[in-house]
Amino acid sequence: MACLLPLLISLWALFSNGLSFNRHHGRAVVNLVSVQDRWFVQRLDHFSGADTRVWKQRYFMNDSFTQTDGPVFLMIGGEGEANKAWMTSGTWLTYAEKFGAFCLMLEHRFYGKSHPTENMNLDNLRYLSSRQALADIGHFQTVMTQVLGLYNRKWVVFGGSYPGSLAAWYRMKYPHLAHAAVASSAPVNAVINFTEYLEVVQSSLGKNKSTCPTSIKEASESLLQLLKYQENYEKITDDFKLCELLQINSAMDLAFFLDAVAEYIMDVVQYNNDNREFEGVKGTNMTIQVVCDIMADLSIGAPYDRYVAVIQSLLKAHQEKCIDANYKKYIEKMSNTSWEGSTGERQWVYQTCTEFGFFQSSDSISQPFSGFPLRFYVQQCSDIYGPALTFSAIADSIQETNEYYGGFNIQGSRIIFPNGLIDPWHALGINANLSSELLAIQMPDAAHCADMYPARPEEPACLPFTRQYIFEILNKWLQL
């Protein structure tokens, strides 16, 4: 559904007794400091009755809005540490205040402090999957309903990005437990070669007939030419602020460097003009417009020089001293099975290699970068997790994922799929209504998970209507 359709909601409802999405509305009575780590005894393997091993899974709670007849809202954690900021801010809490909801957030197994096993060796990582994560949620809901006396309450699950997919799949696979789901920016279709990602990056950079993608493509081709000669490596190291002198000894070294640089631009597009600062992520003013203004500034020099200026500006904005572009060191880091210092990268890449793919290659001709083909990502899987992860093995796992969940042909009811059209991930999401109860919301000019963040004056005009529409739909469904 197009973003403008929420205009069908009466203006009286929007500005009178509807939601108010100013910057401070919807904050919980609790503050961030008071949000405590809580622990739930969880099964290690939900699909083997003979395996009785358990572990402690972290969760958070906010009961400041709860009313006796209100629903239960569950925010699903994903591929990183569960952020307590969601318990004090975010659109879902604005809904919670209106509906009198009891709010919970469950951290995903193997991420953050939720350590099901002694370490992350390959034998243990086999317990890391979306299916085990969904079963975690089901067991958590069943037990918490009893422990907290949440009987006869409707549960609504929320999530963004991969957790958005989990929210949709949970409603689909556990319809007796989840009453409804809001699956923001959810990539529900697994694919090994996600060429559409960079195609959307190009279209987002090229809005309003901008020459930005063309300039970046010219810069990328110039960089490739420079990389053919080792005498240029010192200049490239200085230009792109690499942490150590560039060494290209293999195709993997080359692809890793080119991908590492391109990802700075990719991130600008994915999170363009968003509102992640409330999560504790340091915000920057680096938007598509800023990047493209630099790429259009002829006074800086050739496209290559402007590309260098963009990357240096992004490093400064993120307060990063240098880019680590050493593939050998990356593989060593990713092969570390210890929990100490883990940011979730080993775990998430494992899930992409064994369930989803999502490899954002430069194989398409309709995108501005060069040098990191699909085989680069497949080889990474093998280098990190062993030679058994061949192209064929990965492709088979991805097919199995789509067979299990349905891919684009997801079935079910009472699921909302908001997607920002600036966001490259929308290409793997639901962008048109599948039924009267599988609803898509397309948000022009909005970025990844934009509808989930607190409202702010600078946000795309589409977002207030999106949030209001979601509220109206949830209000309708909670009456059922």
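The values are calculated or read from the model by the stated rules, or taken from the named source; none is laboratory data. From a predicted model like this one, the values you see are computed outputs, not experimental measurements. Reconstructed Cβ throughout: ideal geometry from the backbone, glycine too, with neighbour counts over all protein chains shown. We work out accessible area using only protein heavy atoms, side chains counted, and drop any ligands, DNA or RNA first. Shrake-Rupley method; radii C 1.70, N 1.55, O 1.52, S 1.80 Å.
When the stretch 194-226 is limited to residues that are at pLDDT below 95 and touching a helix residue (DSSP H, G or I) at 6+ places or on another chain (Cβ under 9 Å), the one that is surrounded by the fewest Cβ atoms within 10 Å (Cβ to Cβ) turns out to be Lys207. From the list Gln411, Gln442, the lone residue that is of a type in the set (S, T, N, Q), more than 23 Å from Pro175 (Cα to Cα), at pLDDT 95 or above and touching a strand residue (DSSP E or B) at 6+ places or on another chain (Cβ under 9 Å) is Gln442.
Count of the stretch 401-445 residues, restricted to those that are open to solvent by 50 Å² or more (accessible area, probe 1.4 Å) and in a helix (DSSP H, G or I), is 4. Evaluation of Phe110 against the conditions (1) surrounded by fewer than 21 Cβ atoms within 10 Å (Cβ to Cβ); (2) in contact (Cβ under 8 Å) with a residue 12 or more places away in the chain; (3) out of contact with any strand residue (DSSP E or B) (no Cβ under 7 Å at 6 or more places or on another chain) shows that the sole unmet condition is (1). Looking across the stretch 142-157, the residues that are open to solvent by 10 Å² or more (accessible area, probe 1.4 Å) and of a type outside the set (A, V, I, L, M) come down to Thr142, Thr145, Gln146, Gly149, Tyr151, Asn152, Arg153, Lys154. If a residue has to be open to solvent by less than 10 Å² (accessible area, probe 1.4 Å), part of a loop (DSSP other than H, G, I, E, B) and more than 18 Å from Ser185 (Cβ to Cβ) to count, how many in the stretch 72-88 make the cut? Residues meeting the conditions: 0. Please go through the stretch 89-107 and give me each residue that is open to solvent by less than 10 Å² (accessible area, probe 1.4 Å) and either of a type in the set (Lys, Arg) or part of a loop (DSSP other than H, G, I, E, B) (or both), ordered by number. Residues satisfying the conditions are Ser89, Gly90, Gly100, Ala101, Glu107. Residues that are over 18 Å from Leu474 (Cα atoms), small (Gly, Ala, Ser), open to solvent by 30 Å² or more (accessible area, probe 1.4 Å) and touching a residue at least 24 places away in the same chain (Cβ under 8 Å) do not occur anywhere in the stretch 376-392. Here Ala251 fits the description: touching a residue at least 12 places away in the same chain (Cβ under 8 Å), open to solvent by 50 Å² or more (accessible area, probe 1.4 Å) and small (Gly, Ala, Ser).
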